[in-house]
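Below is one structure, written out as structure tokens; comments come after it.
We did not get these values from a lab; they are worked out from the coordinates using the rules stated. Model, not experiment: these values are computed from the prediction. Backbone-built Cβ (ideal geometry, glycine too); neighbour counts: all protein chains shown.
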Ligand code: VGL
Ligand code: ZN
């Protein structure tokens with residue numbers, strides 16, 4: 001399938017932080033392997049003058065999603081720590097990029113980049129109608145960001161070659177993909193973009 005990028009499009013790069021990469025606190029297996037192709041998408045959007053949004057998990061130290069504080073996850077992406085930084089190979093444009101922090105309050109978690117953030121208003125201000133989404137994890141923050149966007153009326157295109165999941169329960173990634181498809185997301189690869 002061929003998809004043409006227009007000036008109503010934006011790219012959302014989900015949670016490409018050290019803690020979600022191999023060696024991090026909550027690693028997504030092979031999470032770093034998608035960086036080269038993600039960078040290609042990022043540069044393509046940059047060349048076309050289109051906005052690129054980078055979401056990041058940005059939790060306080062006693063966050064509700066952490067084990068011992070009501071949640072299931074090991075502590076990860078704690079504000080201002082090394083693990084919360086973006087992977088150093090991730091390409092971040094100088095201009096027309098936005099960092100969206102989520103899960104920033106102790107008592108509130110957010111798997112979607114739209115939850116408790118200004119992402120929607122930033123997209124609407126720019127006339128964005130369609131979001132292209134890549135990053136990690138397919139079965140958590142990517143899925144919820146895609147569905148969150150669809151629920152708000154955006155079209156959503158998932159970058160199939162630039163996502164990775166965790167599969168805490170085997171089949172989670174497959175089910176996440178199925179759910180995104182059922183809700184109307186379209187899946188493409190780098191070669192589909194013109
Ligand atoms: C995520 C688990 C906990 C994600 C964030 O980015 O997919 N997963 N917090
Ligand atoms: Zn988190």
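Data table
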{"read-out": "Sites residue 169 and residue 64 - FRET efficiency at Förster radius 22 Å, r taken between beta-carbons, to 0.05", "value": "0.55"}
{"read-out": "Square roots of 5 times each gyration tensor eigenvalue, C-alpha, the stretch 68-109, largest first, Å", "value": "25, 13, 7"}
{"read-out": "Helix-only [θ]222 nm of the chain, DSSP H runs n ≥ 4, -39500 (n - 2.57) each, per residue, nearest 500", "value": "-6000 deg cm²/dmol"}
{"read-out": "In range of the label at residue 191: residues from the stretch 1-45 whose backbone nitrogen is under 11 Å from the point 7 Å along Cα→Cβ", "value": "1"}
{"read-out": "Cubic angstrom per residue, convex hull over Cα atoms of the stretch 53-147", "value": "107 Å³"}
{"read-out": "Sites residue 30 and residue 106, calculated FRET efficiency, Cβ-Cβ separation with R0 22 Å, nearest 0.05", "value": "0.10"}
{"read-out": "Spread of Cα-to-Cα distances over 10 Å intervals beginning at zero, given as percent, for the chain", "value": "10, 39, 39, 12, 1"}
{"read-out": "Neighbour-count order for 50, 150, 11, 123, fewest beta carbons within 10 angstrom listed first", "value": "150, 50, 123, 11"}
{"read-out": "Relative contact order for the stretch 101-176, counting Cα pairs under 8 Å that sit 6 or more residues apart, in percent", "value": "29 percent"}
{"read-out": "Average Cα contact separation per residue, the stretch 39-100, under 8 Å, 6 or more apart, as relative contact order %", "value": "42 percent"}
{"read-out": "In degrees, nearest ten, helix 172-182 long axis to first principal axis of the chain (Cα)", "value": "40 degrees"}
{"read-out": "Residue order, fewest to most beta carbons within 10 Å, for 4, 143", "value": "4, 143"}
{"read-out": "Neighbour-count order for 136, 52, 28, fewest beta carbons within 10 angstrom listed first", "value": "52, 28, 136"}
{"read-out": "Mean Cα-pair separation over length for the chain, i.e. relative contact order, pairs under 8 Å, 6 or more apart, %", "value": "26 percent"}
{"read-out": "Using alpha-carbon coordinates, inclination of helix 35-47 to the longest axis of the chain, degrees", "value": "50 degrees"}
